[in-house]
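Here is the structure we will look at.
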Amino acid sequence: MDAALRTRLQQMPKAELHMHIEGSLEPELIFALAKRNGVALAYPSVDALRRAYAFTDLQSFLDIYYAGASVLLKEQDFYDMTWAYLQRAHADNVRHTEMFFDPQTHTERGVPFATVIDGIYRALQDARQQFGMTGALIMCFLRHLSEEEAFATLEQSLPHRDKFIGVGLDSSERGHPPEKFARVFARCRELGLHLVAHAGEEGPPEYIRTALDVLHVERIDHGVRCLEDAALTERLARDKVPLTVCPLSNVKLRVFDKAADHNLLKLLDAGLTVTVNSDDPAYFGGYVNDNFVQMFESLPLEKSHAHRLARNSFAAAFIDEAGKRKYLEEVDAFFER
Ligand code: ADE
Ligand code: ZN
């Protein structure tokens with residue numbers, strides 16, 4: 001890739017729509033928070049922890065990801081984690097970010113819901129003030145837990161309804177189909193929340209279909225396995241259902257063997273509204289710009305693809321039409337240069 005395209009990828013205005021804030025916890029911060037909170041870690045050093053980031057599949061990652069999150073106890077911990085990500089995203093010219101958080105990972109350990117969301121939300125407000133970055137929170141239900149537990153979490157979230165815009169579904173995909181959460185998503189829909197779900201990451205295309213038909217989600221997180229089903233792919237393209245794709249995550253979790261095998265270009269060529277995102281940047285080897293650069297280095301992607309991906313990121317965002325128009329104009333002006 002030539003230097004001009006690399007610079008363009010880095011400098012282009014973009015939105016990030018698929019990242020788990022707990023997945024931005026860098027090993028150094030895990031160790032600092034463990035020390036601050038007196039939490040014992042199973043790894044003797046930052047290097048030893050980083051060496052453990054050799055994943056074989058989604059579950060092997062999730063086990064380490066949940067262990068890493070165990071150092072988060074106080075509101076300030078959630079603030080510090082989120083602020084570190086927002087500074088990093090700002091450096092990558094992220095203008096708008098929609099961050100997932102996993103309350104059940106913390107409330108299960110006795111951390112109050114308010115502690116979690118207040119710390120994250122305060123950092124987001126500071127980013128708006130200091131960087132002019134917009135953003136929002138999406139609360140994820142852990143799909144390896146029961147729908148009843150998701151309902152209990154939804155109940156706890158309601159006093160904080162003004163601090164998040166939607167709900168999602170994450171954690172272990174295989175064996176936990178979207179329809180397991182049909183009733184809680186129906187309730188969230190009544191509440192006027194935006195709806196998204198991880199589907200077709202490791203799980204089959206059928207999970208993408210039930211996420212759409214049973215949960216009525218507006219975006220699919222990952223969705224890369226849709227190409228195994230031509231009718232589904234056509235439907236996603238026709239209905240402009242955004243797919244929030246996370247290339248480095250897919251390679252690290254062995255959905256694809258190597259970057260050059262990723263189907264990002266095939267998804268674009270199928271007419272899908274694809275976006276590029278970092279998922280869990282501290283665990284998968286890079287933030288959003290690293291995802292762009294690695295894909296453009298590994299696949300025959302060009303300036304026109306960069307333009308389309310930047311446009312898609314704002315088109316797929318949960319922002320009002322006026323805000324969207326402003327960002328899209330900014331993208332188009334950037335690509336006229
Ligand atoms: N939680 C954090 N990252 C995830 C991913 N890539 N898939 C499912 N759940 C997750
Ligand atoms: Zn994810």
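The numbers here are math on the coordinates, done by the rules we state, and not lab data. Fair warning: this is a prediction, and the values are worked out from it, not measured in the lab. In this analysis, Cβ positions are derived from the backbone assuming ideal geometry, glycine residues included, and neighbour counts consider all displayed protein chains.
Quick notes on this structure:
- For LEU227, the criteria (1) out of contact with any His (no Cβ under 9 Å at 6 or more places or on another chain); (2) surrounded by 20 or more Cβ atoms within 10 Å (Cβ to Cβ) hold in every case but one, which is (2).
- Set GLY192, GLY203, GLY132: member being over 22 Å from ALA114 (Cα atoms) and more than 16 Å from ligand 2 (Cβ to nearest atom): GLY132
- All conditions in (1) within 16 Å of ligand 1 (Cβ to nearest atom); (2) touching a strand residue (DSSP E or B) at 6+ places or on another chain (Cβ under 6 Å) hold for ALA136, with the sole exception of (1).
- Taken as a whole, the condition of being out of contact with any helix residue (DSSP H, G or I) (no Cβ under 7 Å at 6 or more places or on another chain) and either assigned to a loop (DSSP other than H, G, I, E, B) or more than 16 Å from ligand 2 (Cβ to nearest atom) (or both) does not apply to ALA42.
- Checked against the criterion of being over 13 Å from the mean Cα position of the chain (by Cα), more than 14 Å from ligand 2 (Cβ to nearest atom) and of a type in the set (D, E, K, R), region 242-253 has no qualifying residue.
- Residues being farther than 26 Å from THR82 by Cβ and either under 14 Å from the mean Cα position of the chain (by Cα) or surrounded by fewer than 18 Cβ atoms within 10 Å (Cβ to Cβ) (or both) - total across region 275-307: 6
- Out of ALA54, ALA48, sole residue that is surrounded by fewer than 16 Cβ atoms within 10 Å (Cβ to Cβ), more than 12 Å from ligand 1 (Cβ to nearest atom) and part of a loop (DSSP other than H, G, I, E, B): ALA54
- None of LEU236, LEU265 is surrounded by 24 or more Cβ atoms within 10 Å (Cβ to Cβ) and away from ligand 2 (no atom under 16 Å from the Cβ) except LEU236.
- Subset of region 139-169 (residues that are in a loop (DSSP other than H, G, I, E, B), more than 16 Å from ligand 2 (Cβ to nearest atom) and crowded, with 16+ Cβ neighbours inside 10 Å): LEU145, PHE164, ILE165
- Of the set (1) within 16 Å of ligand 1 (Cβ to nearest atom); (2) surrounded by fewer than 23 Cβ atoms within 10 Å (Cβ to Cβ), all apply to ALA315 but (1).
- Against the test of being among the aliphatic types (A, V, I, L, M), part of a helix (DSSP H, G or I) and under 30 Å from ALA52 (Cβ atoms), the options ALA310, ALA333, ALA282 yield a single qualifying residue, ALA282.
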